[in-house]
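Everything below concerns the one structure shown next.
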Amino acid sequence: MIGWFEAVVLGLLQGLTEFLPISSSAHIRVVSAFLGWEDPGAAFTAVIQLGTEAAVLIYFRKDIWEIISTWTRALWTPALRTHHAARMGWYVIVGTLPILVLGLLFEEKIDTIFRDLRLIGTTLIVFGLVLWLADRKARDKLTLERHLSFTHSIVYGLAQSLALIPGVSRSGGTITAGLLLDYRREEAAKYSFLLAIPAVLGAGVLKLFDIGGEQAPAWGPTILATVISFAVGYAAVSWFLKYISTHRFTGFVIYRVVLGVAIIALVSLGVLDPSAGQ
């Protein structure tokens, strides 16, 4: 079971890594295995993500309120249906469909097979290199207000659904898709964060029912980790958006590859069991 100290460490990890393209779920899984802790599981990971998602809701509160209010009013006011905020509401809904469908289809594998350390190490490397290629190819010119479409939303959504596998990274996958579609780095990141809101809130609320159960983490440590992830996450999202406005993703790519190689090496040498803690 997860204790108070583990909750502090995992909450810090979640807050620091959720918005960076390095996979928060992979870090929680790997650090727990390396320290000999039990795998906190998909339920704990999903619930503490509510903390970092609360940070997104506060950071983008003006944008989110405009999207919700305009989209709602546009349902009975035709003149508002072409407004970018109303269209953004639909784009977020459409972009959420892939992860909703695939999450339900692969729920059992998400809790078991997808948490294998060998798979996590591989996805860290492979999708890190894909991010590097996308960053080099990106023309950094499109904006959400003028260029986002239903087709682009589906592409973003499919990329987000890959994050069901720890190691891919929700932000990394969707930002990579945005770069390949030639969106500006900040625009790709912003839509990535907005798109994650329904998926993360939905998964977190659903998994709330598992917390406190016989085979699940207790409520106290889970709440502590969630609060910590919120505080750290708010600072992280602010820093990240400023950083990528003037920097490429090279540093994150190098980190992903080094971490992925280290995980695979430790498993190959028998230092880590690929299913450790499960």
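The values are calculated or read from the model by the stated rules, or taken from the named source; none is laboratory data. These numbers were taken from a predicted model, which means no experiment stands behind them. Counting neighbours? That spans all protein chains shown, and the Cβs are built from the backbone with ideal geometry, glycine included. These area figures cover heavy atoms from the full protein model, side chains too; ligands, DNA and RNA do not enter into them. Shrake-Rupley method; radii C 1.70, N 1.55, O 1.52, S 1.80 Å.
Computed values, structure above
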item: Residue 126/residue 75 FRET efficiency (R0 51 Å; Cβ-Cβ; nearest 0.05); result: 0.75
item: Relative contact order (%) - segment 108-222, alpha-carbon pairs under 8 angstrom, separation at least six; result: 27 percent
item: Segment 7-74, dipole about Cα centre (Lys/Arg Cβ +1, Asp/Glu Cβ -1), debye to the nearest 20; result: 200 debye
item: 222 nm mean residue ellipticity, helices alone, for the chain (DSSP H n ≥ 4; -39,500 (n - 2.57); rounded to 500); result: -24000 deg cm²/dmol
item: Charge-dipole axis of the chain as Lys and Arg at +1 and Asp and Glu at -1 on Cβ define it, positive-most pick from 246, 37, 22; result: 246
item: Rel. contact order, % - alpha carbon contacts under 8 angstrom, at least six apart, segment 104-175; result: 43 percent
item: 5 Å binning of all Cα-Cα separations within the chain, expressed as whole percents from 0 upward; result: 1, 6, 13, 17, 19, 17, 12, 7, 4, 2, 1, 0, 0
item: Stretch gain in nm, segment residue 239-residue 182, where the contour uses 0.36 nm per residue and the Cα spacing is subtracted; result: 18.3 nm
item: Residues of the chain: accessible area per residue with a 1.4 Å probe, Å²; result: 45 Å²
item: Probe 1.4 Å, all protein chains present, accessible-area order of 273, 63, 135, largest first; result: 273, 63, 135
item: Calculated FRET efficiency for the pair residue 146/residue 93, C-beta based, R₀ 25 Å, to 0.05; result: 0.80
item: Contact order normalised by residue count of the chain, Cα under 8 Å, 6+ apart, percent; result: 37 percent
item: Sites residue 223 and residue 108, calculated FRET efficiency, Cβ-Cβ separation with R0 22 Å, nearest 0.05; result: 0.25
item: With every protein chain in place, segment 1-122: carbon and sulfur % of accessible area (1.4 Å); result: 71 percent
item: Column: log10 I(q)/I(0), Debye, Cα scatterers of segment 54-189, q = 0.10, 0.14, 0.22 Å⁻¹; result: -0.39, -0.73, -1.32
item: Which of 272, 10, 209, positive extreme of dipole for the chain (C-beta unit charges); result: 10
item: Mean-position separation - Cα centroids, segment 224-271 and segment 42-81, in angstrom; result: 25 Å
item: Charged-residue dipole, Cβ positions (Lys, Arg, Asp, Glu), the chain about Cα centre, Debye nearest 20; result: 1160 debye
